[in-house]
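Notes follow the structure.
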Amino acid sequence: MTTVSRQPGWPSDLSDTHRQGSSGIVADHTLAIGTGPIEVQRRLALGRFRIVADLGRGNMGEVMLAEDTLLGRRVAIKRLHAELLGDPRHRERLRNEARIAVQFDHPAIVRVLDLLCEDGADHIVMEYIPGPSLRALRNRGALAISYVVQIACELTDALQHVHACGVIHRDLKLENVLTTRDGRPKLNDFGVACSAECIDGPGEIVGTPRAMSPEQVAGEPIDPRSDLFSLGVLLYELVAGASPFAAEGPIETMQRVLHDLAPSLAEAHPDVPPALASLVDHLLAKDPAHRPQSANEVAVRLRALIPGRCLSSASTSRTTCPEAHASRPGGSSARACSG
């Protein structure tokens, strides 16, 4: 493992101050305990894990901070909301998330440690990341371009690993990337990730409208190049502080993703290196055939932006996966997947 110190231009304050939905992991919130003794007992202990705090809530579930009383470490625990526990499809989706994410072994991906069944509910035990999400970090103000490129390098490296394992993330966005105390990104939330065992119904569209690829919005089969479009959206938002496609509602946003070109990053932010603006434009091509064809191709272009500073696959990552599938179009082993 390579250890990299904070680079010039990286944020100086990466403290635990923001809550960002079900994936924003922070450490300064107290536990909201239920009203009855059964709820108190259920919330304060899950096997050997002692619940310490609520970390965040989303539409489907919640994340809690817990203490592993056996190993003496803190972990994050994710589970469905109580009202969804009776729905076998939601439960299978949570289990599928754990099965997919547990195979990853990469420094820029949040590790899944275990899957527990307690109180009639499944719980994903994950590595605890104490820093804010990229969304929270960007909300504080503009980031140095050198730091944006470093984040992009490490996320692209993580995507290479994910795709080599036959998986498409399908929800890559600022909110789903956490940061460590020293500013390193950690890709999180594989709740709608697709593999050979994708469980979506025919024609179902999943993801976040502003971050979805055109083919994902259209409900067409997708391959790893869909994640690369989402990476382009993420980089655009990191630099510009605004979405290239977000509109008043989800339908309007998806129409923009399908039909509208993203505003020129180079024109709106002339200080952005032309090579970076060109790469973002390339990633945001409507036709997958006109985008970079693999995460590795993106990584090569990113490393050329800051030679010697952008971590290479050879030195820090594991881009192969023991369960990788046969090669598919898109320059990766991930299989095409219907949305």
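The values are calculated or read from the model by the stated rules, or taken from the named source; none is laboratory data. On a predicted model such as this, the values are computed, not experimentally measured, just so you know. Neighbour counts are summed over all protein chains in view; Cβ atoms, including those assigned to glycine, are modelled from backbone coordinates with ideal geometry.
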Check your understanding: Can you find a residue in segment 151-174 that is without any contact (Cβ under 8 Å) to a residue 60 or more places away in the chain and over 16 Å from the mean Cα position of the chain (by Cα)?
Key -> no
Point to revise | Options D189, D157; residue that is assigned by TED's automatic domain parsing to the domain that holds V217, at pLDDT below 95 and not β-branched (V, I, T) | key: D189
Check your understanding: If you take the residues in segment 68-81 that are more than 24 Å from the chain's Cα centre (by Cα) and surrounded by 12 or more Cβ atoms within 10 Å (Cβ to Cβ), which one is farthest from R99 (Cα to Cα)?
Key -> T69
Check your understanding: Quick one: would you say L134 is closer than 21 Å to A98 by Cα, within 16 Å of the chain's Cα centre (by Cα) and at pLDDT 95 or above?
Key -> no
Review point. Among the residues of segment 102-145, how many are under 14 Å from V63 (Cβ atoms) and of a type in the set (G, A, S)?
Key: 2
Revision key, fill the gap. Quick count over segment 102-131, residues being over 20 Å from G191 (Cβ atoms) and buried (at least 23 other Cβ atoms within 10 Å of the Cβ), is 1
Check your understanding: Can A152 be described as under 22 Å from D105 (Cβ atoms) and small (G, A, S)?
Key -> yes
Practice item. Take segment 224-243 and flag every residue that is crowded, with 23+ Cβ neighbours inside 10 Å and polar (S, T, N, Q). Key: S226, S230
